[in-house]
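Asker: Below: one structure in structure tokens.
The values are calculated or read from the model by the stated rules, or taken from the named source; none is laboratory data. Because the structure is predicted, anything quoted here is derived from the model rather than measured. No Cβ is skipped: glycine too gets one built from the backbone with ideal geometry, and neighbour counts run over all protein chains shown.
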Amino acid sequence: MAKGSIEKRGERSWRLRVDLGYNPNGTRNRVSKTITIDDPALLKTTKKLREYLEDELAKFKQQVLSGEYIAPAKMTFKDFFEKEWKPKYAEPNLKRTTYLSHCSKIEHHVLPTIGHLHMDEITTMKLVDLFAQLRKPGNRADGKSDKPLKSRTIQYTYDVTNSIFKCAVSWRVIQKNPLEGVKRPQITAEDKKAWRDRKNFYEEDEAVEVIAALIQSDIPLRLYYLGAILGGFRRGELIALEEDDCDFESYRLRIDENISHTEGGRALITDTKNEASDGYVVMPAWYMKELEQHVKRNRKLRLKLKAEGKWEGGDRKFVFHAGKGKPYYHTYPSEAWKKWCRRNGFRDVTLHGLRHTSATYLLSKGATVKEIQHHLRHSTPQVTTQTYTHITKKLSQRTASHWDVFDPNLSPIRSQREKQG
């Protein structure tokens, strides 16, 4: 019969040991683990503390005898993140941009606090403290130490951390996910209000002014920005657009690739956000005629640069490039857009806000949610309604207004009632 023992190791820690006798080579076959008790009330009660430790020893003994016990991992959280989770889970399963974003959250917000700890040393209370600390100022990666992290960023960090611990349990590195006892952080009322108040799109009258100004502009990205509004395209979809994607006979553009990241000076070309994002988008005839002239100028420039040995685009024929064939750096259109808006006196709406603007304008002209869904290439109408709540609110108001004809205060109806009276 296996014997068990309990030995105090620290102020709040005890070592549980199960003695299984001797190994074939004559050495003692002992299995042990250390547990830490965080409950101050339990630490003050000798009898209850003893009962708790004996219960833990009994459970530990059962795990050892049944073969369910997993020896504590002696690698640190940082080692597991770098050497196991990243190469064996994240890289094979995540898109490159998602992978880099996940890693960034862990490197900036998690590793500084628990990266040095062994996997079996990370308790639920340590993670409670970690996420409580993230709510305080001084944790931002952008250097704005006086401002706290956005609650959505804390949620994101929680989700990635949870993924790491789930892998550790699945791969039998640890027995239990210590984050299970930590409630997922909530979006704060302040962040919710800021999100609601943020008007990241142009209303109909503003959109008309922006489009008119772009048509008169001579900036290199003029047709890029017009395309973002008229077609509701995402930034990387237009950066990845090639000449072969332009159907000038049917006035449409094909979207099947995306550039949302640059590594080592080279654009990372990936699939679009999802399958629903692939497909053709019909564009105004006048826009496609202008774009065709732009493509013809590009072709002449390409022949010239190739003859001079200065072409940098390889076999790719990007519609929008930096001058020698290479696609724009993925953040450049956003930076240039912000400068153009300020220079021309327009409200600060992000480049992605032009996609929202496209939906808002279409609604103002009578388009249905289903039509907007198709134009923006959402997978379902529900995605459209959830993403553009300001649009569905206006649509509901406009639908209800059709019943205004029956307003008893309108003169025709009032006159009829007066006659009957």
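Asker: Against the definition (in contact with a Leu (Cβ under 9 Å, 6 or more places away or on another chain) and either surrounded by fewer than 17 Cβ atoms within 10 Å (Cβ to Cβ) or in the same structural domain as Q155 (by TED's automatic domain parsing) (or both)), how does L179 come out, yes or no?
Answerer: It is true that L179 is in contact with a Leu (Cβ under 9 Å, 6 or more places away or on another chain) and either surrounded by fewer than 17 Cβ atoms within 10 Å (Cβ to Cβ) or in the same structural domain as Q155 (by TED's automatic domain parsing) (or both).
Asker: Testing K83 on (1) of a type outside the set (S, T, Y); (2) assigned by TED's automatic domain parsing to the domain that holds L130; (3) touching a helix residue (DSSP H, G or I) at 6+ places or on another chain (Cβ under 8 Å), one condition comes back false. Which one is that?
Answerer: Condition (3) is where K83 drops out.
Asker: Same structure, new question: Quick check on L241: is it out of contact with any Ser or Thr (no Cβ under 9 Å at 6 or more places or on another chain), under 30 Å from K296 (Cβ atoms) and at pLDDT 90 or above?
Answerer: Taking the combined requirement at face value, the residue satisfies it.
Asker: Sticking with this structure for a sec: Please find, within segment 11-70, the residue that is modelled with the highest pLDDT out of those that are more than 24 Å from E121 (Cβ to Cβ) and touching a helix residue (DSSP H, G or I) at 6+ places or on another chain (Cβ under 8 Å).
Answerer: The residue in question is K48.
Asker: Take segment 249-290 and flag every residue that is in contact (Cβ under 8 Å) with a residue 60 or more places away in the chain, closer than 16 Å to P327 by Cα and touching a Gly at 6+ places or on another chain (Cβ under 6 Å).
Answerer: I259, S260
Asker: Another question about this same structure. Mind checking which residues of segment 228-270 are buried (at least 20 other Cβ atoms within 10 Å of the Cβ) and among the polar types (S, T, N, Q)?
Answerer: N258, S260
Asker: Please work out which residue is surrounded by the most Cβ atoms within 10 Å (Cβ to Cβ), limiting yourself to segment 286-343 and to residues that are outside any loop (DSSP other than H, G, I, E, B) and small (G, A, S).
Answerer: A336
Asker: Follow-up question, since we're still on this one. Only one of (1) hydroxyl-bearing (S, T, Y); (2) surrounded by 16 or more Cβ atoms within 10 Å (Cβ to Cβ); (3) over 26 Å from Y287 (Cβ atoms) is not met by Y225, so which one is it?
Answerer: (3)
Asker: Need pairs with beta-carbon distance below 8 Å; first residue in a helix (DSSP H, G or I) and within segment 96-123, second among the small types (G, A, S) and crowded, with 16+ Cβ neighbours inside 10 Å; sequence gap 6+ or separate chains.
Answerer: Pairs found: T97/S260; Y99/A90; H102/A90; H102/S163; C103/A90; M119/A73; M119/A168; D120/A73.
Asker: While we're here: For K105, are the conditions met, namely being over 21 Å from K126 (Cβ atoms) and either among the charged types (D, E, K, R) or over 42 Å from the mean Cα position of the chain (by Cα) (or both)?
Answerer: no
Asker: Moving on to the next point. Only one residue in T27, T36, T76 is touching a Gly at 6+ places or on another chain (Cβ under 9 Å) and farther than 30 Å from E263 by Cβ, so which one is that?
Answerer: T36
Asker: Can you find a residue in segment 368-378 that is assigned to a loop (DSSP other than H, G, I, E, B), at pLDDT 90 or above, surrounded by fewer than 20 Cβ atoms within 10 Å (Cβ to Cβ) and not hydrophobic (A, V, I, L, M, F, W, C)?
Answerer: No, that holds for no residue.
Asker: Only one of these is surrounded by 13 or more Cβ atoms within 10 Å (Cβ to Cβ) and either closer than 30 Å to E257 by Cα or among the aliphatic types (A, V, I, L, M) (or both): W171, W85. Name it.
Answerer: Unique residue meeting the criteria: W85.
Asker: Six or more apart or on different chains, Cβ atoms under 7 Å: show the pairs whose first residue is in segment 344-366 and over 15 Å from Y225 (Cβ atoms) and whose second is among the β-branched types (V, I, T) and surrounded by 20 or more Cβ atoms within 10 Å (Cβ to Cβ).
Answerer: A359/I372; A359/I391; T360/I391; L362/I372; L363/I372; L363/I391
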